[in-house]
Amino acid sequence: MLEFNATADLLLMNSQSQAAIRQRRDEAAPDAAVIRAVLAGDRDQYGRLYSIYAPLVHGIVLARVPRSEADDLVQDIFLHALRKLNTLRDHNAFGPWIGTIARNRAMDFHRRSHETVEVTDDLKSSDATENKAEEILEIIRSLPAAYCETLVLRLVEGMTGPEIAQRTGLTPASVRVNLHRGMKLLRNKLGFEEGL
Amino acid sequence: MKNELKNVAADYLWDQTGEPDPELKELERVMGSLGYQPRPLALPASCENQAARNFRPLLAIAATIVLAVGAAALWLEFKRESAQVAKTDAKTAASVDSDRAAATIPDDVLGDAPGAGASDVRDDRDDRDGLTGLIHDNHPKPGRLIAARRNRSSQAGRVEATQREPAAGLTAPLLAASELRAAEAGKAQLMQALRVASAKFNVALRKAQGANNRNLIHNQHKIG
């Protein structure tokens, strides 16, 4: 009888500790809880993920495709991710996962659009700041991909280094190096070409 | 690399703390105009889990295969039972033949059973079995062995015995009429189930093949 009670206590403690571990994990990584809810059929929760990760996806896409296409592509990527969400093994890795989808979709975009229309001066924005930003963006795009993406996320989307590291799944050290080396290259290029 | 990391311990580029670099601040201002503008996500009503949607044809195919295999197993079992029944029937017929032949042997040949003929021996056996000759011993009695040997050499006697006294084991049906009817109905049902399963399997197969052949160009005609 005593043994039975002890076993029951152990089982109870085990289940309680598992629940506590899960709660702690959810607190540490809220994505997992949200993804579980989405997979259970709560589609409104997907809006939370969208609001958190849309800037990341936009930045990744903007580093590769024309600005006019970026917004639609972001929507497409999130819809695609929703359909494939059940294939995500690690629920805490939503950011890196959707980042990979965004990179692949951007590559697909270039593969499909053989006939691209060059943006003429008439189609360009009349806003001088935006024009300047487009020019700098072109220079950033000419940098190596690792620097380009990190710089766009930092300068265009306004994310900090730790945020970039957390959402892309890169180590903070890698992001820091990419930021500084990329910035150095960008300064050189801007200094040669126009300067700020 | 180490110098870089030391210098950026608390720099503005890394985590927006510390003294901001004016050039960097200006870059942020200019580039910020291209940043993401929040826009609601338009989820279509039909947007559902793709994997779950694709799982259905596979499930249908699997169910059809299981059904077909089950039906085939049932049919094989039924066939095996029929074969066994036929074999038993043949054995019964053979033993009845030999019994009839034994009945033609005179009593003096069967020295072991004084005063008792072959027919008496058979009657005793029938009484013991209680199954009216359907089930027999696998171990033949000495009298029957002799009878069989004699029977091979004298076909005429066997024919005579058979004509004289119709064999009860041959005329009695192995299954009752109602049981036969039930078996026939079961067989028909089984065959119907097999036909349905086969048709379903074909439909599922065609669907699966059709899904892969979406890009086929139809209605191709020769030019000229």
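For A:Ala63, all conditions in the list (1) within 30 Å of A:Asn131 (Cα to Cα); (2) at the interface with chain B (Cβ under 10 Å from one of its Cβ atoms); (3) within 13 Å of the chain's Cα centre (by Cα) hold save one; what is the number of the exception?
Of everything listed in (1) within 30 Å of A:Asn131 (Cα to Cα); (2) at the interface with chain B (Cβ under 10 Å from one of its Cβ atoms); (3) within 13 Å of the chain's Cα centre (by Cα), A:Ala63 misses just condition (2).
List every residue pair whose Cβ atoms sit under 6 Å apart, with the two residues 6 or more apart in sequence or on different chains, where the first one lies in the stretch A:129-146 and is more than 18 Å from A:His180 (Cβ to Cβ) and the second, anywhere, is part of a helix (DSSP H, G or I) and of a type in the set (S, T, N, Q).
That search, which allows pairs on different chains as well, returns A:Thr129/B:Ser33; A:Glu130/B:Ser33; A:Ala133/B:Ser33.
So the check is Cβ under 9 Å with 6+ separation or different chains; which pairs have a first residue in the stretch B:25-39 that's more than 7 Å from chain A (Cβ to nearest Cβ) and under 15 Å from A:Ala63 (Cβ atoms) and a second one that's among the acidic types (Asp, Glu) and loosely packed, with under 14 Cβ neighbours inside 10 Å?
none
For the structure I just gave you, tell me whether A:Ile139 is modelled with pLDDT of 90 or more and either more than 14 Å from chain B (Cβ to nearest Cβ) or closer than 21 Å to B:Leu43 by Cβ (or both).
Numbers: modelled with pLDDT of 90 or more: yes; either more than 14 Å from chain B (Cβ to nearest Cβ) or closer than 21 Å to B:Leu43 by Cβ (or both): no.
For A:Ile139, the condition - modelled with pLDDT of 90 or more and either more than 14 Å from chain B (Cβ to nearest Cβ) or closer than 21 Å to B:Leu43 by Cβ (or both) - is not met.
Among the residues of the stretch A:85-99, write down those that are more than 14 Å from every other protein chain (Cβ to nearest Cβ) and either in contact (Cβ under 8 Å) with a residue 60 or more places away in the chain or outside any helix (DSSP H, G or I) (or both).
A:Asp90, A:His91, A:Asn92, A:Ala93, A:Phe94, A:Gly95, A:Pro96, A:Gly99
Tell me, which helices (runs of 4 or more DSSP H) lie completely within the stretch B:1-105 with 3 or more residues that are of a type in the set (Ser, Thr, Tyr) and at pLDDT below 85? Spell out the reasoning first.
Values: elements: B:2-7, B:12-15, B:22-31, B:50-103.
Per the criteria, B:50-103.
Based on what the data block shows, is A:Thr168 away from chain B (no Cβ under 11 Å) and out of contact with any Cys (no Cβ under 9 Å at 6 or more places or on another chain)?
yes
The values are calculated or read from the model by the stated rules, or taken from the named source; none is laboratory data. Just so it is clear, the model here is predicted, and its values are computed rather than measured. Reconstructed Cβ throughout: ideal geometry from the backbone, glycine too, with neighbour counts over all protein chains shown.
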